[in-house]
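The values are calculated or read from the model by the stated rules, or taken from the named source; none is laboratory data. Because the structure is predicted, anything quoted here is derived from the model rather than measured. Cβ atoms come from the backbone with ideal geometry, glycine included; neighbour counts cover every protein chain shown.
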Amino acid sequence: MAEAATALDPRDRAWNDVCELGLEDYVADLDAKGFCVIPPEIANPNNLADRMLAALLDIAEQRNGERPDVVTGATHANRPPLLQGFDGQKFAKEAEMEGKDAPPPIMLKEPNVVDSPFGDRMNLILYDNEVFAEALMNPPLLALVTYLIGYSAVLSSMGCWMKGPNRSNFPLHSDSAVPEPLPPQAYQAQCTYLLTDFNRENGATCAVPGSHKWCRKPTEREATLLPYEEGGKDQAVLLEAPAGSLAIWHGNTWHGAFNRTAPGLRVSATVYLVRPFIRPIEDYIGKVPQHLIDKYGPRLAILLQHGCVPEYSTQGDRVSFTQRARKYVAAYEESLGSALGPKKDLYH
């Protein structure tokens, strides 16, 4: 694909990739609605979703000391309101072993929240299983991420959300990390692999069509996601889709999630990407096993921030960090067949 696209400028190359994968309709949804849902037959090569789900259940058991109950969701039902899925109880044993006091849960400051609106959230999953590098390099994901935020996009965070039966909705919000008014072009792209079926009873994500064009975040009143029985179905559109689907939305798009009323777990893996001038949530520079870069190529290195110059405290660091970044950028540009070009170009 790279050789065929050598003569194309970045915009044409990005569109060429979209067309080769048959993603034109999903780009139209991104432009019009601010989100799209790619079906399993396109987004789920080689049973990617099943392999991710199996890996995440293992990781959850390793980190929390308890196997998630996929059938009933009892392990995650009506959890207390927590920030980022942190649970002082589950980390108490680990802290005790290290001779430390376990920190208390951090409570969400959301009105009318009686339990966690999103359940357990696990961060930094990329290193735990190679299937997550495969998910990051999935061609449909990369094509639409490139369309939204360019070829120099970097991974900000990659995590998992496990939600059991609960009562609280996740309020509408925007993922944009910049002050209002928000830029009309995307600075962030949120990609969510649906690893279980998403519907109303399962507590599916929802989004407000066209909200990415408003270039602002919801007010406190607008953020309140009405229960389904009170008209919530008209306030935001459910991202209702089977396991193996991939949802992608513009960083400005208002989205949230309804509570889960059915037994079992709603599991998703999120791949949050940003333009390289936005400070990422997770740090990957110099921490990625070389065999992954060798296997997946120079774009993986760029996605994992290796083309960025991190903070430095000495002049020597400034020089060495810049040289390292330039090495990865040069390898990536060679694979593309052209330079990334001026920073004013939105596709770079």
Original post:
What is the number of the single condition among (1) over 28 Å from Val114 (Cα atoms); (2) modelled with pLDDT of 95 or more; (3) among the aromatic types (Phe, Trp, Tyr) that Tyr272 does not meet?
Top reply: (1)
Original post:
For region 236-341, list the strands (runs of 3 or more DSSP E) that sit wholly inside it and hold at least 1 residues that are in contact with a Lys or Arg (Cβ under 7 Å, 6 or more places away or on another chain); which are they?
Top reply: 266-274
Subject >> Scope region 176-207; condition within 18 Å of the chain's Cα centre (by Cα) and of a type in the set (A, V, I, L, M, F, W, C); matching residues >> reply: Ala177, Val178, Ala186, Ala189, Cys191, Leu194, Leu195, Phe198, Ala204, Cys206, Ala207
**OP:** Being in contact (Cβ under 8 Å) with a residue 40 or more places away in the chain and small (Gly, Ala, Ser) is the filter; apply it to region 18-57 and report the residue that is farthest from Ala133 (Cα to Cα).
**Re:** Ala32
Original post:
What number goes with the only condition from (1) over 23 Å from Pro45 (Cα atoms); (2) buried (at least 24 other Cβ atoms within 10 Å of the Cβ) that Leu194 does not pass?
Top reply: (1)
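Hey, among Asp294, Asp283, which residue is without any contact (Cβ under 8 Å) to a residue 60 or more places away in the chain, more than 16 Å from the chain's Cα centre (by Cα) and more than 27 Å from Asn169 (Cβ to Cβ)? I'd like the intermediate steps shown before the answer.
On the way: Asp283 fails: more than 16 Å from the chain's Cα centre (by Cα).
Checking each option against the conditions leaves just Asp294.
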**OP:** Check Pro181, Pro171 and return the single one that is touching a residue at least 60 places away in the same chain (Cβ under 8 Å) and either surrounded by fewer than 22 Cβ atoms within 10 Å (Cβ to Cβ) or of a type in the set (Lys, Arg) (or both).
**Re:** Pro171
Original post:
If only one of Ala243, Ala339 is of a type in the set (A, V, I, L, M), within 30 Å of Asn78 (Cα to Cα) and surrounded by fewer than 18 Cβ atoms within 10 Å (Cβ to Cβ), which one is it?
Top reply: Ala243
Original post:
If you go through region 266-278, how many residues are more than 19 Å from Asn138 (Cβ to Cβ) and in contact (Cβ under 8 Å) with a residue 40 or more places away in the chain?
Top reply: 4
